[in-house]
Each structure stands twice: as C-alpha cells, then as structure tokens.
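This report concerns only the one structure given below.
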Amino acid sequence: MGKKRALITGITGQDGSYLAEFLLEKDYEVFGLIRRSSTVNFERISHLQDKVELVSGDLLDQKSIVTALEAARPHEVYNLGAQSFVPVSWEQPMLTGEITGLGVMRMLEAIRACDEKIRFYQASTSELFGKAQETPQSEKTPFYPRSPYGVSKLYGHWITINYRESYNMYACAGILFNHESPRRGLEFVTRKITHGVARIKHGIDAELRLGNLDARRDWGFAGDFVRAMWLMLQQEEADDFVIATGQTRTIREFCQVAFAHADLDWEQYVVVDERFFRPAEVNILLGDPARAREKLGWELETSFEEMVRLMVDRDLELVAKQGE
C-alpha cells in the first residue's frame, strides 16, 4: 500500500493548516478542498503550498465535492470547512445553514457515491451545548445550541451519526471546545486580545475594547486538538468524542496573561464596550475530555499560558513587520 491520502476541507483555516502539517509529518499525501473565490487566503498554509495538493470544490455544490473526491481518492476526509464565526451566523443565518449544516450532508452523500470505505471526520463544536444543561459537558450532555452557527453544527453532527448508523460508514464527530493559536482569525476574541496587545506595545493603539470580560471558555491549543481528530479516525470503530482541556478561564484572565507577557498592565488599556456583548450568551462551556484520554490516549501538550504567550509573540512580530 502506498501513502495514505487525506482530503481536508477548510485547509486554509487555523485547524486545517495545523492538521495538514501534522498529516505531512505522518507521511500522508494531503489534499485541500478550496473554493474558487476571490477571497481565499493562503496565508496559513503558504509554507506548505508545495507539499499539499489543492483541489477546487465547494460545500454548497455536490458535484464539485464528488469531482474533488475522485481526484484525491482519499482514505480519510476531515470536514473542517464551515462558516465558523458565531456573530456572522446572526447576520448570515441562511448561508451558515447551507455551508455548516447541509454542507456536511453533501460531503457524506459524495463519499457514499464515490467510496463508502472513506473514513470521515466531522468538526463538531462545544457551541452545540450552548445553554449548557450541565457542567462539565460530556458526550452524554443534551444539546441546546444558542446561535444559527450552533444549530447548523447540530445538523452536521446528527447527520454524521445518522450516516454512520444507516449506511455503516466510518463517520465520527469531534465535539471540540475552543482552541486557539497564532493562526486564529483576527475576528476571534483571543486573537483580538493578542493582536491588541501587540498594537499597544508598539504604540499604535492606546486601548483595547472588549465585551463581557466574565465570559468563560475552555481554551486549548489548536495544534493539540488536530491530533485528536487524527486519533479518532485510527480507531477500530467510529465514535464521537468531546475534546477539551477540562478547565475554564475568563476573558479577563486571558487579558492578564497576554498583557503581562508584553510587560503591560491590562487594566490600563482594556475598555468594556457593550457593543461586543452577544445577543444570547452561552453558559459556561467546560468540556470533560475523560473519554478521549481513556479511549484515544489523547493528552494536552501545551498549557493555557504557553498558548497565550505564543500568540502574543507572533502578533508582536507581525505588527513590527507591518510597521517597517
């Protein structure tokens, strides 16, 4: 048997880029599904572009997915492609549903048409728990999504389980809690903080405006989380897992670590701005990764503080370059 082949949707995103790196290290042939659009940003995979093969396709278009699968002939498909920013899902609920929800079914249907033996990973999310019915949240916790994004992801999650049970496909979902990195998009609060720190440190900005500082999240490092995705596709039987750190931090704590790393006092610069409060805030999202530890042998390698420092260092570099 030659090299294992994997197709990643959302390869230009944070998780896609870390997963591509991880699979290349495991000697996979890596294919990435990209939309033919004027806005595709290759920044996160620019260092990998000669090592991965990009095929065009769109989660809105069934035929293009089939064509991509026929070109890549993957053993594994990682569906990370989505409209993944919660606030945008309120502004574009239909599009979010089409991509993040129905896109999963289009991919599963395409796999069924091309090769039912393909192993499929669906990127589920802690936003499925939304208004959390219990804390911490495990694989048995009832879902209660609180945004069009969460509801769309719930459709994707259940349709994955449905295809596994109905067609005996190897299809599984990873319920991933928040995971961050220097490659996180600037629209996410964690990256907004670390980038803000860099701009303040370099004298460009005098303040950083944030919403609810008491919002708590279970934040892990994206590089650790993609390893769990791969582990899920290496098991004898497909199953769904919560992937989390099992600890929560407030946005305030994130600020403390980030500003301190740049020798700044966060309280002098952070301004609470009600415009950044969500229409429906989720309750405390805190994952219980016990099953993933036990069954997958998955462990965290990067601490919260280390992750925040990595992000600040990268943004200090980026902002310095922009100022040159």
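The values are calculated or read from the model by the stated rules, or taken from the named source; none is laboratory data. Note that the structure is predicted; figures quoted are calculated from it, not measured. Here Cβ is always computed from backbone atoms with ideal geometry, including for glycine, and neighbour counts include all displayed protein chains. All accessible areas refer to the heavy atoms of the entire protein, side chains included, with ligands and DNA or RNA removed. Shrake-Rupley method; radii C 1.70, N 1.55, O 1.52, S 1.80 Å.
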### Members of segment 1-54 found to be closer than 19 Å to L69 by Cα, open to solvent by less than 40 Å² (accessible area, probe 1.4 Å) and part of a loop (DSSP other than H, G, I, E, B), listed by number
G10, I11, T12, Y28, V52
#### Entry: Matching residues in segment 73-106 - criterion: being open to solvent by less than 10 Å² (accessible area, probe 1.4 Å), in a helix (DSSP H, G or I) and of a type in the set (A, V, I, L, M, F, W, C)
V104
### Summary
Pairs returned, first residue in segment 219-242 that is over 26 Å from I284 (Cβ atoms), second residue that is open to solvent by 20 Å² or more (accessible area, probe 1.4 Å) and part of a helix (DSSP H, G or I), beta-carbon separation under 7 angstrom, 6 or more apart or interchain, are W230/F22; A238/R164
### Query
What is the residue count in segment 107-151 for residues that are open to solvent by less than 40 Å² (accessible area, probe 1.4 Å), more than 19 Å from V77 (Cβ to Cβ) and either polar (S, T, N, Q) or in a loop (DSSP other than H, G, I, E, B) (or both)?
9
### Message
Looking at V242, V271, V197 in this structure, which one is touching a Leu at 6+ places or on another chain (Cβ under 9 Å), farther than 24 Å from P136 by Cβ and assigned to a strand (DSSP E or B)?
### Response
V271
### Query
Is it fair to say A72 is small (G, A, S), touching a residue at least 12 places away in the same chain (Cβ under 8 Å) and over 17 Å from A6 (Cα atoms)?
no
### Task
Considering only residues that are part of a helix (DSSP H, G or I) and charged (D, E, K, R), look in segment 184-194 and name the one that is least open to solvent (accessible area, probe 1.4 Å).
R191
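Let's see how each residue does on (1) under 22 Å from L233 (Cα atoms); (2) not small (G, A, S):
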residue: R35; (1), (2): no, yes
residue: F42; (1), (2): no, yes
residue: S46; (1), (2): no, no
residue: H75; (1), (2): yes, yes
residue: Q83; (1), (2): no, yes
residue: G103; (1), (2): yes, no
residue: A123; (1), (2): yes, no
### Query
Within segment 55-68, is there a residue that is touching a residue at least 24 places away in the same chain (Cβ under 8 Å), touching a Leu at 6+ places or on another chain (Cβ under 7 Å), open to solvent by less than 70 Å² (accessible area, probe 1.4 Å) and not aliphatic (A, V, I, L, M)?
yes
#### Entry: Residue among P136, P142 that is over 18 Å from the mean Cα position of the chain (by Cα), more than 24 Å from S89 (Cα to Cα) and modelled with pLDDT of 95 or more
P136
### Query
Which residues, taken from segment 234-248, are crowded, with 19+ Cβ neighbours inside 10 Å and not small (G, A, S)?
F241, V242, I243, T245, T248
### Task
Determine whether segment 161-168 contains at least one residue that is under 19 Å from T248 (Cβ atoms), in contact (Cβ under 8 Å) with a residue 60 or more places away in the chain and open to solvent by 20 Å² or more (accessible area, probe 1.4 Å).
no
### Task
Mind listing just one residue for me: the one in segment 169-183 that is buried (at least 22 other Cβ atoms within 10 Å of the Cβ) and in contact with a Lys or Arg (Cβ under 6 Å, 6 or more places away or on another chain) and, of those, farthest from G246 (Cα to Cα)?
A171
